[in-house]
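The values are calculated or read from the model by the stated rules, or taken from the named source; none is laboratory data. Note that this is a predicted model, so its numbers are computed, not measured. Here Cβ is always computed from backbone atoms with ideal geometry, including for glycine, and neighbour counts include all displayed protein chains. Surface areas here come from the heavy atoms of the whole protein model, side chains and all, with no ligands, DNA or RNA. Shrake-Rupley method; radii C 1.70, N 1.55, O 1.52, S 1.80 Å.
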Amino acid sequence: MRPDPRPRKHAASIGALPRRGTDLAEAALCWVVGIGGLVALVVALVVGMELWSSGSVRAQAEAADRTVVPAVLQAPTAGVVTLDAVSVPVQQVEASWTGPDGRAHTGPIDVTGTVAAGTTVRTWVDRTGAPVGPPLEPMQVTITAVVVGALTLACAGLVLLLLFTGVRSLIARRNDRNWAAEWALVEPVWSGRA
């Protein structure tokens with residue numbers, strides 16, 4: 001005897017439970033959150049890499065533009081006492097220095113700690129001889145890019161978590177209401193009180 005070549009209509013549904021609308025909404029929510037997580041990961045990577053790229057260009061430009069020169073302090077720094085060893089106060093003190101262009105300059109520079117007048121300190125200046133801060137370090141750029149990328153991913157993850165939790169709560173409440181209504185119909189028949 002040959003097997004029947006006609007496909008069985010209900011073969012795939014044997015053993016399968018009927019799906020509720022909330023089950024479909026829950027499945028759609030999982031897909032949305034999963035895809036949202038992947039998009040958030042890509043966005044965080046792009047943001048971090050873009051920040052690293054622009055920061056690296058800026059660090060290279062600053063390293064090429066800035067120079068350390070010796071500056072002679074014209075006045076002593078004020079003796080500032082701190083309560084902890086971590087914070088070192090920065091003070092502005094008049095100093096004189098020779099810029100990269102060979103011209104003499106005078107003006108306030110940032111100095112840390114207690115230093116006597118006439119002391120030579122190192123200070124960063126730009127090509128014109130104006131005092132500036134030190135150039136960005138490549139490690140600073142990398143750390144900033146990683147932290148911003150991680151914060152971007154964390155914020156997106158928090159939004160997705162709140163979305164998932166909120167919608168799941170709504171689905172659970174709806175299921176509870178539906179189950180209570182169905183139980184009110186079935187319980188009297190099941191318990192024999194009908």
Angle check, please: helix 21-65 long axis (alpha carbons) against the longest principal axis of the chain (alpha carbons), in degrees 0 to 90, nearest 10. 10
Calculated from DSSP H runs of 4 or more alone, at -39500 (n - 2.57) each and per residue, what is the 222 nm mean residue ellipticity of the chain, nearest 500? -19000 deg cm²/dmol
Taking 0.36 nm per residue of separation and subtracting the Cα-Cα distance, what length does fully extending Thr22 through Ala117 add? 26.4 nm
Descending accessible area (1.4 Å probe), largest on the left, turns Thr98, Thr77 into Thr98, Thr77
For the chain, find the longest principal axis of its Cα atoms and tell me its angle to the long axis of helix 138-191, 0 to 90°, nearest 10. 20
Surrounding charge for Arg20, neighbours by C-beta under 11 angstrom, Lys/Arg +1, Asp/Glu -1, total -1
Mind grabbing the accessible area of Glu182 for me, 1.4 Å probe, Å², rounded to tens? 110
Residues of segment 38-52 with backbone N under 17 Å of the label point set 7 Å from the Cα of Leu158 along Cα→Cβ are 40-41, 44
For the chain, what % of the accessible area comes from carbon and sulfur atoms, probe 1.4 Å? 67
